[in-house]
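Asks: Quick one: the structure is below, and I'll ask about it shortly.
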Amino acid sequence: MSTVGKSIFCKAAVAWEAGKELSIEEVEVLPPRAHEVRIKIHYTGVCHTDAYTLSGVDPEGAFPVILGHEGAGIIESVGEGVTNVKPGDHVIALYTAECRKCKFCKSGKTNLCGSVRATQGLGLMPDGTSRFRCKGKELLHFMGCSTFSQYTVVADVSVVAVNPTAGMDKTCLLGCGFTTGYGAATITAKVEAGDNVAIFGAGCVGLSVVQGAVTNKAGKIIVVDINNKKKDWAFKFGATDFVNPLELPKDVTIVDKLIEMTDGGCDYTFDCTGNVKVMRNALEACHKGWGTSIVIGVAAAGEEISTRPFQLVTGRNWRGSAFGGFKGRTQLPGLVEDYISGKIQIEDMITHRHQLDQINDAFHDMHGGDCIRAVVDMK
Ligand SMILES: NC(=O)c1ccc[n+]([C@@H]2O[C@H](COP(=O)([O-])OP(=O)(O)OC[C@H]3O[C@@H](n4cnc5c(N)ncnc54)[C@H](O)[C@@H]3O)[C@@H](O)[C@H]2O)c1
Ligand SMILES: [Zn+2]
Ligand SMILES: [Zn+2]
């Protein structure tokens with residue numbers, strides 16, 4: 001029996017309120033309206049941003065909500081006017097939309113898109129309403145994706161069709177973690193052959209920066225992490241050096257150490273921790289005259305970064321990167337091809353796997369210290 005044009009009742013992990021575990025519920029997923037699509041989610045990753053919002057410290061977090069923004073699945077049906085995807089397409093949901101029409105999309109300078117930004121931030125579809133119901137209540141959408149539901153509705157500008165031969169349990173990570181790090185190195189920084197780079201924080205994002213640096217044939221690829229368990233991970237993906245700042249002699253700072261290792265400072269550094277003190281160190285470990293530090297980590301609400309202005313006067317640059325600078329609809333299909341051809345490694349980053357009923361375990365894994373990424377089977 002066709003589900004087109006009708007509500008679908010399925011399971012989803014609902015965040016009823018901040019600080020509580022997710023609860024598996026039967027939800028109603030309304031059919032897609034004009035310029036919307038309904039996706040059957042097959043796999044979703046669990047990212048720190050989901051945990052951050054669930055914890056309640058995110059000032060913009062609103063409840064009840066269906067979290068999740070790192071998902072892959074198959075289009076079930078499309079609303080009026082949708083031309084970029086069709087039922088049966090294998091897709092990745094995009095929390096950074098690409099409309100190709102707005103000022104941002106047309107600028108050629110950024111991957112940010114303004115088309116659905118306002119309503120996405122409110123947890124609503126572009127027409128200002130929600131497609132989720134549960135126990136008589138309306139549930140909010142999250143980051144324009146809500147992949148912790150077996151079916152979800154997203155805007156057509158927030159989805160991209162990719163090669164269906166790629167395993168969706170892997171491609172889901174291209175919806176956030178992998179792409180964010182890999183693109184920060186290859187698109188935002190545009191690391192060049194021989195450049196010395198330092199990556200602070202060897203989680204999924206940091207290790208993906210390492211892969212981007214390897215792709216672009218960087219010189220030294222120095223991973224900095226306070227967890228020694230990350231050393232083997234760093235080398236596995238191509239780091240040349242590993243430094244634990246907690247193990248340096250008392251009179252040597254991590255900035256001193258990196259400057260010494262790179263004969264004056266790094267060409268590029270990347271913060272993949274979200275810690276503002278680390279962001280400062282990452283900037284100051286850059287080479288005078290040209291070194292650039294890229295902020296990727298999301299700091300806690302109210303945090304600010306600081307450094308002496310002289311650091312910038314003398315030619316260091318401070319930049320940021322969202323979703324690795326990737327334009328999702330234009331560039332993700334190519335990244336999936338890179339995965340299929342073996343140019344990038346995603347599988348090795350999946351350390352934990354769960355079924356939807358055990359999705360809360362994925363959040364516990366993340367806080368355990370030996371988890372790179374947990375992937376949840378939504379089927
Ligand atoms: N900009 C974006 O578009 C974007 C997208 C996704 C995630 N993020 C952010 O990127 C960051 C990294 O995400 P992740 O999933 O890889 O996280 P993760 O927790 O898996 O990895 C963080 C790593 O940093 C290390 N670390 C913590 N404090 C440190 C310190 N003082 N010095 C050195 N290392 C330290 C930890 O040991 C860990 O290995 C998070 O802040 C996340 O919110 C940003
Ligand atoms: Zn994320
Ligand atoms: Zn746009």
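The values are calculated or read from the model by the stated rules, or taken from the named source; none is laboratory data. Fair warning: this is a prediction, and the values are worked out from it, not measured in the lab. Using ideal geometry, Cβ is built from the backbone for each residue, glycine included, and neighbour counts are taken over all protein chains shown.
Asks: When only residues in the range 33-49 that are within 16 Å of ligand 1 (Cβ to nearest atom) and surrounded by fewer than 24 Cβ atoms within 10 Å (Cβ to Cβ) count, which is farthest from Ala362 (Cα to Cα)? Talk me through it step by step, then tell me what you get.
Replies: Of all residues in the range 33-49, those within 16 Å of ligand 1 (Cβ to nearest atom) come to 44-49.
Narrowing the set further to residues that are surrounded by fewer than 24 Cβ atoms within 10 Å (Cβ to Cβ) leaves 48-49.
Details: His48: 11, Thr49: 13 Å.
Top of the filtered list is Thr49.
Asks: Does the range 142-175 hold any residues that are surrounded by fewer than 22 Cβ atoms within 10 Å (Cβ to Cβ) and among the small types (Gly, Ala, Ser), and which are they?
Replies: Ala161, Ala166, Gly167
Asks: When you go through (1) part of a helix (DSSP H, G or I); (2) under 18 Å from the mean Cα position of the chain (by Cα) one by one for Asn111, which number turns out not to apply?
Replies: Against the list (1) part of a helix (DSSP H, G or I); (2) under 18 Å from the mean Cα position of the chain (by Cα), Asn111 comes up short only on (1).
Asks: Quick test of your reading of the structure: Thr152 fulfils all but one of (1) farther than 30 Å from Ser77 by Cβ; (2) not in a helix (DSSP H, G or I). Name the failing condition by number.
Replies: Condition not satisfied by Thr152: (1).
Asks: Right, something else. Considering (1) within 16 Å of ligand 1 (Cβ to nearest atom); (2) loosely packed, with under 14 Cβ neighbours inside 10 Å; (3) of a type outside the set (D, E, K, R); (4) free of Cβ contacts under 8 Å to residues at least 60 places away in the same chain, say which one Gly61 fails and leave the rest.
Replies: Here Gly61 clears every test but (2).
Asks: Can you tell me which residue in the range 166-175 is farthest from ligand 1 (Cβ to nearest atom), limited to those that are hydrophobic (A, V, I, L, M, F, W, C) and assigned to a helix (DSSP H, G or I)?
Replies: Step one: filter the range 166-175 for residues hydrophobic (A, V, I, L, M, F, W, C), giving 166, 168, 172-174.
Filter once more, keeping what is assigned to a helix (DSSP H, G or I): 168, 172-174.
On the way: Met168: 19, Cys172: 14, Leu173: 10, Leu174: 12 Å.
Out of the qualifying residues, it is Met168.
Asks: Among strands (runs of 3 or more DSSP E) lying entirely in the range 287-362, which contain 1 or more residues that are within 21 Å of the chain's Cα centre (by Cα), aliphatic (A, V, I, L, M) and surrounded by 16 or more Cβ atoms within 10 Å (Cβ to Cβ)?
Replies: Output list reads 292-295, 350-355.
Asks: Another one. If a residue must be of a type in the set (Asp, Glu), part of a strand (DSSP E or B) and surrounded by fewer than 16 Cβ atoms within 10 Å (Cβ to Cβ), how many such residues does the range 11-27 contain?
Replies: Selection size over the range 11-27: 1.
A quick yes/no check of all residues on (1) touching a strand residue (DSSP E or B) at 6+ places or on another chain (Cβ under 6 Å); (2) outside the structural domain of Cys272 (by TED's automatic domain parsing); (3) within 16 Å of ligand 2 (Cβ to nearest atom):
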{"position": "Glu36", "(1), (2), (3)": "yes, yes, no"}
{"position": "His69", "(1), (2), (3)": "no, yes, yes"}
{"position": "Tyr95", "(1), (2), (3)": "no, yes, yes"}
{"position": "Lys101", "(1), (2), (3)": "no, yes, no"}
{"position": "Phe104", "(1), (2), (3)": "no, yes, no"}
{"position": "Ala118", "(1), (2), (3)": "no, yes, no"}
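Asks: List pairs: first residue in the range 73-101 and assigned to a loop (DSSP other than H, G, I, E, B), second residue more than 16 Å from ligand 3 (Cβ to nearest atom) and of a type in the set (Ser, Thr, Tyr) anywhere in the structure, Cβ distance under 6 angstrom, at least six positions apart or on different chains.
Replies: Partner pairs satisfying both residue conditions: Pro87/Ser77.
Asks: Please verify whether the range 176-194 includes one or more residues that are away from ligand 3 (no atom under 16 Å from the Cβ), surrounded by fewer than 24 Cβ atoms within 10 Å (Cβ to Cβ) and under 21 Å from Cys145 (Cα atoms).
Replies: no
Asks: Also: Residues that are hydrophobic (A, V, I, L, M, F, W, C), within 16 Å of ligand 3 (Cβ to nearest atom) and out of contact with any helix residue (DSSP H, G or I) (no Cβ under 8 Å at 6 or more places or on another chain): does the range 77-99 have at least one?
Replies: No, the range 77-99 contains no residue that is hydrophobic (A, V, I, L, M, F, W, C), within 16 Å of ligand 3 (Cβ to nearest atom) and out of contact with any helix residue (DSSP H, G or I) (no Cβ under 8 Å at 6 or more places or on another chain).
Asks: Further, regarding this structure: Give the residues of the range 240-283 that are farther than 26 Å from Lys217 by Cβ and either touching a His at 6+ places or on another chain (Cβ under 7 Å) or charged (D, E, K, R) (or both), sorted by residue number.
Replies: Glu247, Lys250, Asp251, Asp256, Lys277, Arg280
Asks: Another question, then. When you go through (1) surrounded by 15 or more Cβ atoms within 10 Å (Cβ to Cβ); (2) under 18 Å from Asp361 (Cα atoms) one by one for Leu30, which number turns out not to apply?
Replies: Single failed check for Leu30: (2).
Asks: Moving on to the next point. Mind listing whichever residues of the range 176-205 are more than 6 Å from ligand 1 (Cβ to nearest atom), within 10 Å of the chain's Cα centre (by Cα) and among the hydroxyl-bearing types (Ser, Thr, Tyr)?
Replies: Thr179 - this is the single residue of the range 176-205 that is more than 6 Å from ligand 1 (Cβ to nearest atom), within 10 Å of the chain's Cα centre (by Cα) and among the hydroxyl-bearing types (Ser, Thr, Tyr).
Asks: Do we have Ser77 as of a type in the set (S, T, N, Q), buried (at least 16 other Cβ atoms within 10 Å of the Cβ) and over 16 Å from Gly123 (Cα atoms) here?
Replies: For Ser77, the condition - of a type in the set (S, T, N, Q), buried (at least 16 other Cβ atoms within 10 Å of the Cβ) and over 16 Å from Gly123 (Cα atoms) - is met.
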